[in-house]
Amino acid sequence: MALDRIEILLEKYFEAETSIAEEKELKDYFTSSDVAPSLEKYKPLFGFAVHSKQEQFSSAPFDFQHRHSATIPLSNIKRKSAVWLLVAASVLVLLGLGLFTFNYYNQQKSEDYGTNNDPEIAFRETQKALSMISESVNKGIGSISYLNEFEQSKNRIFKK
């Protein structure tokens, strides 16, 4: 009968429907010595929870003589990691500023702005640019003529 109850509780546990009392019952069962052979595979799952409650960490320095002790120097780890984090952040900021400055000045040097020292070449380039502008303006004027025709047709229909 107890085995059936444990199996039902396991199903509820894996579907996250157990209460705290039912979970305690499962932990008590799996930490006891009389676990059914078919349920042995779940023993580490519930045994871990009990074992992890017994572990403690302290801020005392690590004792190399007694390697079985579970003390870890937490305060030194925090300070060292904070220092390394600050150093890494500083390096990244400086690297970013350096790359930005390098790219900015290289881009300014590479831009020519269309300047030319030979007057004849400058004149031809100016003519090309004005020709392109003239073509664009002429296309726009052609579109306006269609609008004028539309306006005249609208005025005929609606007679002001």
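The values are calculated or read from the model by the stated rules, or taken from the named source; none is laboratory data. Because the structure is a prediction, the values reported are computed rather than measured. Methodologically, a virtual Cβ is constructed for each residue, glycine included, from the backbone with ideal geometry; neighbour enumeration extends over all protein chains shown.
Selection of first residues in the range 24-51 that are assigned to a helix (DSSP H, G or I) and of second residues that are of a type in the set (Asp, Glu) and modelled with pLDDT of 85 or more, restricted to Cβ pairs under 8 Å at least 6 apart or on distinct chains, gives the following pairs, ordered by first then second residue: LEU39/GLU7. Scanning the range 82-135 for residues that are modelled with pLDDT under 85, of a type in the set (D, E, K, R) and in a helix (DSSP H, G or I) turns up just one, LYS109. The numbered conditions (1) modelled with pLDDT of 85 or more; (2) β-branched (Val, Ile, Thr); (3) assigned to a loop (DSSP other than H, G, I, E, B) are all true for ILE72 except (1).
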